[in-house]
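Student: Okay, handing you the structure first.
The values are calculated or read from the model by the stated rules, or taken from the named source; none is laboratory data. None of these values were measured; they are calculated from a predicted model. FYI the Cβ positions are ideal-geometry reconstructions off the backbone, even for glycines, and counts take in every protein chain you see. Just the protein is used for accessible areas: all its heavy atoms, side chains included, with ligands, DNA and RNA removed. Shrake-Rupley method; radii C 1.70, N 1.55, O 1.52, S 1.80 Å.
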Amino acid sequence: MPSDRSVRNPIVRALAFVAGMAALGLGIAGIWLPGLPGVLFLLIALWLFSYSNERMHTWMLENRWFGADLRDYHDGLGIPRRIKFVAIASITAAVTLSVLLAVDNWWWRFALIVLGAYGIWFVATRPTRETVEAERAAAAA
């Protein structure tokens, strides 16, 4: 799946590449760390690499651990229902535990709740793979 969006300006390409590497690192860390949205950072990295580094863009799409899900999202199939459930449950648990046990300041509690609600809204409003596949099958029939 080659990308035809590569930027000509070498400074912009370098900045996009560095930001893509940072997003990739956060995305991989987010696979194991609760509360860190791994898939979101992987999608950001994929987008940045589409502008800056074709080899990294292709590597991400062909990666054996997360490539299939990125390809599906990239192709418009959305997020699997199971991953949506895990993401929403993880965000809810991380925000609840942080607000109840880790944060004393009311302003930080409010900010965590708002950010958590935004994360849940974002995940919930993305297309669900099973629904998109069913719609495509119905349209093809």
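Student: Within the P(r) computed for the chain, what percentage of the Cα pairs occupies the region above 17 Å?
Tutor: Numbers: 6483 of 9870 pairs.
Value for the chain (Cα pairs over 17 Å): 66 percent.
Student: How far apart, in nanometres, would the label points at residue 118 and residue 14 be if each is projected 7 angstrom from Cα along the Cα-to-Cβ direction?
Tutor: 3.1 nm
Student: While we're on this one: How big is the convex hull of the Cα atoms of segment 91-136, per residue, in Å³? Provide the component values of the computation, followed by the final result.
Tutor: Working: hull volume 2.2 nm³, N = 46.
Hull volume over Cα atoms, normalised by residue count, gives 48 Å³.
Student: May I have the pair-distance distribution P(r) for segment 1-81, computed from all Cα-Cα distances with 5 Å bins from 0 and rounded to whole percent?
Tutor: With a bin width of 5 Å, the distribution comes to 3, 17, 25, 26, 16, 8, 3, 1.
Student: Separate question: On average, how much area does the Cα convex hull of segment 37-118 cover when viewed from any direction, in nm²?
Tutor: 6.6 nm²
Student: Here is a follow-up. Of all the accessible heavy-atom surface of segment 36-85, with the other protein chains kept in place and a 1.4 Å probe, what percent is carbon and sulfur?
Tutor: Numbers: 1730 of 2720 Å².
Taking all protein chains in place, segment 36-85 shows 64 percent carbon and sulfur surface.
Student: Picking from 73, 19, 31, whose Cα lies most toward the positive end of the charge dipole for the chain (charges on Cβ: Lys, Arg +1; Asp, Glu -1)?
Tutor: Going by the Cα projections, it comes out as 19.
Student: Same structure, new question: Using DSSP to define loop residues, name the trypsin sites (Lys or Arg not before Pro) in segment 16-72 whose beta-carbon has at most 14 other beta-carbon atoms within 10 Å.
Tutor: Details: sites: 55, 64, 71; in loops: 64.
Here the sparse-neighbourhood loop sites are 64.
Student: Once R0 is set to 25 Å, what does the formula 1/(1 + (r/R0)^6) return for the Cβ-Cβ distance between residue 133 and residue 85, expressed as a FRET efficiency to the nearest 0.05? Don't skip to the answer; put the middle values down first.
Tutor: On the way: r = 17 Å, r/R0 = 0.69.
Here the calculated transfer efficiency is 0.90.
Student: State which helices in the chain qualify, where a helix is a whole DSSP H run, it must extend 18 Å or more along its own axis by its Cα atoms, and its mean Kyte-Doolittle hydropathy must be at least 0.5.
Tutor: Numbers: long enough: 10-32 (34 Å, 1.75); 38-52 (21 Å, 2.06); 81-97 (24 Å, 1.21); 106-125 (28 Å, 1.26).
Qualifying helices, which must be both long enough and hydrophobic enough, are 10-32, 38-52, 81-97, 106-125.
Student: So who's got an amide H within less than 5 Å of the one on residue 128, skipping anything under 5 residues away but keeping other chains? H placed 1.01 Å off N, in plane.
Tutor: 79
Student: Please compute the per residue accessible area over the chain with all protein chains in place, 1.4 Å probe, rounded to a whole number of Å². Write out the running numbers ahead of the final one.
Tutor: Details: 9290 Å² over 141 residues.
Result: 66 Å² per residue.
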